[in-house]
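What follows draws every value from the coordinates through simple rules; no lab data is involved. Keep in mind it's a predicted model, so treat the numbers as computed, not measured. Please note: Cβ atoms are built from the backbone with ideal geometry, for glycine as well, and neighbour counts cover all protein chains shown.
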Amino acid sequence: MNVKTIALRLERKLPFKFVLVFFAAFIVVWSLLPIAWMFVTSFKTENEIYSWPPAWLVKDPTWTNYKNAFIERPFLAYVKNSVIVSFFSVLISCSLAVMAAYGFSKYKFRSGTFLFFLILASRAIPPASLLFPFYMMGRTLHLINTHTILILAYIYITLPLNIWIIKGFFDNFPEELLDAAEVDGCSRLRALGKVVLPILMPAIVAIIIITFITAWNELLYAVVFTNTPDAKTIPTGLIDFFGDFQILWGPLEAAASLSTVPAIIFSFLFARQIVSGLVAGAVKG
């Protein structure tokens, strides 16, 4: 292949690459613009917030909105509730997913395949359609306005996808390593902790982030199941900044900005692990 042929091929691909880059840039800007506006507004004074036309640049930055977010509403309690619910949702959902996926992948039993697809099919049911059954069970067990009902709901929402991701990784895991561990005296369960889990970390990090973001940001179940400051999470707490006659835009944007920080940090720090974990779990080679 000569230089002229290579140049012609590159020339043909350039317009296509330009279109891809343009659409990618458009999607990024379109997605980040509301977030940027939220952060900018959180530093504006009340006069700047209601000024017309609206301005991107803040003339007189202030931290008052962040202070008022904790004064006007019990935002610290909402943060504490979100941390508790997200932590236990991640811990229980990811632990169950690893053990269930290990069993489905490495132990062959009757109706195993049917049971696995039954679990995946449960995720095909829209979560909104299960609000009433969840609410009735929660009311019967006196779990409404507690962390427990939200944790159980988020485990149900995230567990099928987590099992699918981890099972895909186990299906590709070399049996030779497990056999070698058994020769060295490890049981299958011990081999899971000693051999498999260290290599499994990218996939585990991926399901941890997915579960955390789901539990941290979920609104519908939280609105229905909680209505007291002792149980409300951040998404439902943000609704409290909407009054009957006024919306506290400054404190609302400040509280919303604070609520996005953990998810943004996790996504940036573990973006590579998320992608590699999803690829490892979803692609069978």
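Here are a few things to note about the model shown:
- Lysine pairs meeting the criterion (Cα under 21 Å, 8 or more apart or interchain), as found in the stretch 78-282: 5
- Estimated distance in nm for a label pair at ALA25 and ASN227, the labels positioned 7 Å out from Cα along Cα-to-Cβ: 5.0
- Phi angles of the stretch 204-214 translate, via the Karplus equation with coefficients 6.51, -1.76, 1.60 and θ = phi - 60°, into HN-Hα couplings of 5, 4, 4, 6, 5, 5, 4, 5, 4, 5, 4 Hz per residue; Gly and Pro are given as x.
- Sorted by Cβ neighbour density within 10 Å, fewest at the top, the residues TRP37, TRP249: TRP37, TRP249
- Compactness of the stretch 15-64 is given as radius of gyration and Dmax, 15.6, 49 Å, from Cα positions.
- Under the Karplus curve 6.51 cos²θ - 1.76 cosθ + 1.60, θ = phi - 60°, whole-Hz ³J(HN,Hα) for the stretch 62-77, x wherever Gly or Pro sits: 9, 9, 4, 4, 5, 5, 5, 4, 8, 8, 5, 9, x, 5, 4, 5
- The residues neighbouring ILE49, those whose beta-carbon lies less than 14 Å from its own, together hold a net charge of -2 under the Lys/Arg +1, Asp/Glu -1 convention.
- Distant-in-sequence amide H partners of THR146 (H built 1.01 Å from N, under 5 Å): none
- The fewest-to-most ranking of VAL98, VAL19 by surrounding Cβ atoms within 10 Å reads VAL19, VAL98.
- The equivalent ellipsoid of the stretch 78-282 has semi-axes of 36, 20, 13 Å, largest first, where each one is the square root of 5 times an eigenvalue of the Cα gyration tensor.
- For the stretch 211-261, the equivalent ellipsoid derived from the alpha-carbon gyration tensor has semi-axes of 19, 15, 8 Å in decreasing order.
- Summing Lys and Arg as +1 and Asp and Glu as -1 over all other residues whose Cβ lies under 9 Å from the Cβ of TRP249 gives a net charge of -1.
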